[in-house]
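Peer 1: Quick one: structure below, then a few questions.
The values are calculated or read from the model by the stated rules, or taken from the named source; none is laboratory data. Since the model is a prediction, treat every value here as computed from it, not as a measurement. Cβ: placed from backbone, ideal geometry, glycine included. Neighbour counts: every protein chain shown.
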Amino acid sequence: MIESTHQAATPLLSIRDLFMRFEKRRSLSDTLTGRPRQVVSALNGVDLDVMPAETLGIVGESGCGKSTLARCIAGLHRPTSGDIRFEGESVIGLKGARRRGYNKRVQMMFQDPYTSLNPRMTVRDTLREAITVHRLRDGAGIDRRIDELLELVRLPDGAADKYPHEFSGGQRQRIGIARALSLEPTCLVADELVSALDVSVQAQVVNLLLELQDNLGLTVLFVAHDLRLVRHVSHRVAVIYLGAIVEIGPSEALFSKPMHPYSQALLAAAPSLDPSERRRAPALSGELPSPLDIPPGCPFHVRCPHATELCSREKPALRPVGNGMTACHFAEAIGGA
């Protein structure tokens, strides 16, 4: 695990009170009966700072809002309300050259690179297009840059003139990383980057990403459901539940002593490589509530073994507790248990 050295830095990204609502399509029966359109609350007041050159892990169950947050940061969704600031400047509503400039600096990488690679274009064509459109090189400099990128991600000689279907899943993920790096970004948003790969290949790709981050000074948002991977790569970890951050702190501190009952339950439910490791917290019980109907008060109270009447009526603020921040009324008592 990586030690954090970024606490005193000015944030590269600052996210404040971010909300994202999606209106569901109305069915014919909804229309005929006059039922109102249903609204999915994907993000519910996210506050988050991301420091320069750090890896911030973002974890939570499927459907908790991790990917929506990643897509908002990368500019693929426009939030319903709230603000995202990059190097102090709001990026909500950027247009034209300023939007293109932000899109270059913050690049997103997806779980399945095959669907985002044009099957009719060679790797060289794909990288050339990105470099040319953004006028990052010209003439012979373009091919030199392509060679540099393929060397950076450790693809074999001759890879540039092959098509996506000629590569394994791990190699295609490396192509996706090379394409992201071709725009010379400051920040990479990795959304379940390796979850579709075999475990041995996952390790190779993740270690490559760590090496690139170190050598190029990149900031990385690492969105994943595999807690062991997140622990391995992250300086800090943010735990998200029903569209809000419930705990954030240094990776070592959060994994060794989680303060929020949801974080405790997530860790207790995760498989451990150490058979002697004792679980101090109950595994997660119950289903994730629907984002169509977020519970009042603390959204976790319907699954929390420590919940009281206060939890059902008052939503706790994210506040300093221990080495990080936690959104729980009783974090001190629960975390110290």
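Peer 1: Check segment 298-307 and report whether any residue there is loosely packed, with under 13 Cβ neighbours inside 10 Å, modelled with pLDDT under 90 and assigned to a loop (DSSP other than H, G, I, E, B).
Peer 2: Within segment 298-307, not a single residue is loosely packed, with under 13 Cβ neighbours inside 10 Å, modelled with pLDDT under 90 and assigned to a loop (DSSP other than H, G, I, E, B).
Peer 1: Let me ask something else. What pairs can you find where one residue is in segment 144-166 and free of Cβ contacts under 8 Å to residues at least 40 places away in the same chain, the other is hydroxyl-bearing (S, T, Y) and surrounded by 11 or more Cβ atoms within 10 Å (Cβ to Cβ), and their Cβ atoms are less than 9 Å apart, with a gap of 6+ or different chains?
Peer 2: Here the result reads R145/S182; I146/S182; L149/S182; A160/T122; D161/T122, each pair linking segment 144-166 to a residue that is hydroxyl-bearing (S, T, Y) and surrounded by 11 or more Cβ atoms within 10 Å (Cβ to Cβ).
Peer 1: Exactly one condition in (1) crowded, with 19+ Cβ neighbours inside 10 Å; (2) touching a helix residue (DSSP H, G or I) at 6+ places or on another chain (Cβ under 8 Å); (3) modelled with pLDDT of 90 or more; (4) not aliphatic (A, V, I, L, M) is false for R124; which is it?
Peer 2: (1)
Peer 1: Taking segment 110-120 as the region of interest, how many residues are modelled with pLDDT of 90 or more and either crowded, with 19+ Cβ neighbours inside 10 Å or among the β-branched types (V, I, T) (or both)?
Peer 2: Here the count works out to 0.
Peer 1: Also: Tell me which residues, restricted to segment 13-44, are surrounded by fewer than 21 Cβ atoms within 10 Å (Cβ to Cβ), within 16 Å of Y241 (Cα to Cα) and of a type in the set (A, V, I, L, M).
Peer 2: Correct list: V40 only.
Peer 1: If you don't mind, another one. Which count do you get for residues in segment 224-241 that are hydrophobic (A, V, I, L, M, F, W, C) and modelled with pLDDT of 95 or more?
Peer 2: 4
Peer 1: Take segment 45-67 and flag every residue that is surrounded by 21 or more Cβ atoms within 10 Å (Cβ to Cβ) and not in a helix (DSSP H, G or I).
Peer 2: Answer for segment 45-67, where residues must be surrounded by 21 or more Cβ atoms within 10 Å (Cβ to Cβ) and not in a helix (DSSP H, G or I): V46, L48, V50, E54, T55, L56, G57, I58, V59, G60, C64, G65.
Peer 1: Same structure, new question: Would you check if there is a residue in segment 286-297 being assigned to a loop (DSSP other than H, G, I, E, B), at pLDDT 60 or above and over 23 Å from K315 (Cα atoms)?
Peer 2: no
Peer 1: So which of R78, R99 is at pLDDT below 95, exposed (fewer than 15 other Cβ atoms within 10 Å of the Cβ) and outside any loop (DSSP other than H, G, I, E, B)?
Peer 2: Matching residue, one of R78, R99: R99.
Peer 1: Looking only at segment 242-256, which residues are touching a strand residue (DSSP E or B) at 6+ places or on another chain (Cβ under 9 Å) and of a type outside the set (S, T, N, Q)?
Peer 2: L242, G243, A244, I245, V246, E247, I248, G249, P250, A253, L254, F255
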